[in-house]
1. Suppose only helical runs count, i.e. DSSP H with n ≥ 4. What mean residue ellipticity at 222 nm does that imply for the chain under -39500 (n - 2.57) per run, divided by all residues and rounded to the nearest 500 deg cm²/dmol?
2. All other residues with a Cβ under 14 Å from the Cβ of residue 169 taken together, and with Lys, Arg as +1 and Asp, Glu as -1, what is their net charge?
3. Kindly state, to the nearest 0.05, the FRET efficiency for residue 103 paired with residue 240, given R0 = 35 Å and r defined as their beta-carbon distance.
4. Past the 38 angstrom mark, what percentage of all C-alpha to C-alpha distances in region 12-326 do you count?
5. For region 158-261, which trypsin sites (Lys or Arg not before Pro) are in a loop by DSSP, counting at most 15 other Cβ atoms within 10 Å?
6. Rank by packing, highest mean first: peptides 119-125, 38-44, with packing defined as the count of other Cβ atoms within 10 Å averaged across residues.
7. Once amide H atoms are placed 1.01 Å from N in the peptide plane, what residues at a sequence separation of 5 or more from residue 119, or on another chain, have their amide H within under 5 Å of its amide H?
8. What are the residues whose amide H is under 5 Å from the amide H of residue 243, where those residues sit 5 or more places off or on another chain and H is modelled from the backbone?
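Nothing in this text is a laboratory measurement; each read-out follows from the coordinates by a stated rule. Keep in mind that what you see is a predicted model, and the values were worked out from it rather than measured. So basically every Cβ, Gly included, is an ideal-geometry build from the backbone, and we count neighbours across all protein chains shown.
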Amino acid sequence: MPRDRFGRDIDYLRLSVTDHCNLRCVYCMPLRGLSFIPSPELLSATEIEVVVQAAVKVGFRKFRLTGGEPTLRPDILEITRRIAAVSGVEDLAMTSNGILLPRLASPLKEAGLRRLNIHVDTLDPERLTKLMRFGSLEEFEAGIAAAQEAGLVPIKINCTVTRDYNDGDVVELARRALEGDWHVRFIELMPLGGGETAHVALSQFVPSSETRRRIEGELGPLVPLDNQNPSDEARNYRFESGEGVVGFISPVSEPYCGSCNRMRLTADGKFHLCLLNDDELDVKKALRNGGGVDDVAEILLRAVTLKPTGHRLDEGVSTQSRSMFQIGG
């Protein structure tokens, strides 16, 4: 697998397939003033396949489909089938809000998808509407049930913790891990893109240490999992009883840049070198000028070489040109 100049093995490519979303979470997408990538400027299913073939050729093994909301791509099943059919792809997952999964979970499984992360910020219907603005708890629960029935397991539930919106609801989400087999991950806000959403991320920030104290105060001690994957962005725990897992993703208060193994491809065909930096390399230009697998592989290896050592949030530096929905997390 490719290794960057800081000695990190980079073998995980996150593929954003759209910047559209059917939610408008307050920390991610404003209600007004949005502009989206025109459809002809999105990478096609065939172009995405070439990128994956190139990534496998240089040593990438893990892939994740992201958005915006990836299930909004009309050709998401074709994209999934093409990637899953590439020899050398060892893992293909997706991050989704789950709303469209009742009709897509089984077809996605048949197309070759293996796992799902589903984004749900609270189990309180009123606060869900306040924070995520569109969608209902019933829709999220139906999506989770459909994914489980289709065998897209283990499902991970992602919750972005936002002060005064859902920071008091983390206990009920964690309770699902105590009483069942849910894997619930609590994510710190990140100030991306400037503007309204970055302001929310800064003003409503909740450190993972506070979230953990709240959960342990109500539900009891959390015990670290043995043999955690150092490349996993989450620090994972179990309760002393119960089968589920509680994870904390803390890019601001406890950065994990030293073990980062990720590269990102934006929906409009740029390798985004670090989630919290603006640096990118254009791969779409090469593809549409007749470039093939070898040309894309060369650009990807250059991107790995240029990948920065970590973010600079402590210096007030973050991504300005793209918001989270335009990168894919």
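1. Working: 10 runs with 106 residues, N = 329.
Taking each H run of at least 4 residues, the total per residue is -9500 deg cm²/dmol.
2. Residues close to residue 169 contribute a combined charge of -2.
3. Efficiency computed from Cβ-Cβ geometry: 0.35.
4. Numbers: 4448 of 49455 pairs.
Within region 12-326, distances greater than 38 Å cover 9 percent of Cα pairs.
5. 163
6. Descending packing order for the listed peptides: 119-125, 38-44.
7. Hits under the 5 Å cutoff: 96, 97, 98, 158.
8. Counting only residues 5 or more places away or on other chains, the set is 180.
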